[in-house]
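Shown next, in structure tokens, is the structure this report addresses.
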Amino acid sequence: MTNGTGEGMRQGIEAIIFDLDGTVYLGEAALPGAAEAIAELRRQGKRTLFVSNKPVEPRAVYAAKLTRLGIPTREEEVITSAYVLGRHLAQTAPHLRLYVVGEASLRAELRGHGLSVREVLTEQNPQEVIDPVGIDAVVVALDRTLDYRKLNTAYQALKAGAAFFATNPDSTCPMPGGDIPDAGATIAFLEHLTGRRVELLAGKPSPLTVEVAMAELQVEPFRCLMVGDRLETDIRMGQEAGMVTAVVLTGVSSRSDALRADQPPDWIVENLLELAGKISGGD
Ligand SMILES: [Mg+2]
């Protein structure tokens, strides 16, 4: 494992975890060569899993999008931060009453795991704040419907002692046309207000995501390659879990970012075709 491009490491890879945005696609378009590269890797028998920190669509929607972009994918091959959080809470704390600073899809995902999600009565009274006594945990996520009432409800609940969870730590989320504020910005707002720190993060680089990915792939982390465009989430998660890592330069990280990192990824590739070539035995 010491030789970053060694034969042993390449042959030992049984499964590949791909980030989505900036790695496989950007907006509504597959990145050049992504579909061909993934098809080739699957032909070689590599199992594939796609991991997104975005909690705003169900897994089936991402699977359908990948399929539409020429990468046939089943729902079970996609995990999102919402799915990881729902699965984790259902296993460890199924009775918590949750208040979600997030979108409808996240509330549906959490309910799908049998969890209890409180709703706010919006039409009747826009100032309405749920009684914080009825909230055991606040869940913070990307929310394009975020407003003062939601922030205040979360604040009151946290002040009253509710647990502080979030789907993912990203400050911004890449979107076609430019990035937008993400969960990290709302976490910072609530941390500033309460003097507390978020207690549980589900998405990358959390070990909770690794746990779910390994359960889906049925493989040891060192037999796994983590591919992504973000050093501080994708690559860090892979490295902390003992995976082989590859940064792809089609998203947020540049070659100099990757080379300057305290612990550079094992591979730096321009695109997924170059990665497929390396795994197939090229240099
Ligand atoms: Mg990405």
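Quick one: would you say Pro32 is under 30 Å from Val100 (Cα atoms) and modelled with pLDDT under 95? It is false that Pro32 is under 30 Å from Val100 (Cα atoms) and modelled with pLDDT under 95. Being closer than 20 Å to Pro174 by Cβ and surrounded by fewer than 17 Cβ atoms within 10 Å (Cβ to Cβ) is not true of Arg74. Do we have Asp257 as closer than 18 Å to Ile79 by Cβ and within 16 Å of the ligand (Cβ to nearest atom) here? Here the answer is no, as Asp257 does not meet what is asked.
The residues on offer are Thr23, Thr48, and the sole one that is touching a Lys or Arg at 6+ places or on another chain (Cβ under 7 Å) and crowded, with 16+ Cβ neighbours inside 10 Å is Thr48. Within the stretch 131-166, the set of residues being touching a residue at least 60 places away in the same chain (Cβ under 8 Å) and either small (Gly, Ala, Ser) or more than 20 Å from His95 (Cβ to Cβ) (or both) comprises Ala141, Leu142, Arg144, Ala162, Ala163. Would you point out the residue of the stretch 221-254, among those that are of a type in the set (Asp, Glu) and over 20 Å from Arg47 (Cβ atoms), that is farthest from the ligand (Cβ to nearest atom)? Filtering the stretch 221-254 for residues that are of a type in the set (Asp, Glu) and over 20 Å from Arg47 (Cβ atoms), the one farthest from the ligand (Cβ to nearest atom) comes out as Glu240.
The values are calculated or read from the model by the stated rules, or taken from the named source; none is laboratory data. Model, not experiment: these values are computed from the prediction. Positions of Cβ are backbone-derived with ideal geometry, glycine not excepted, and every protein chain shown enters the neighbour counts.
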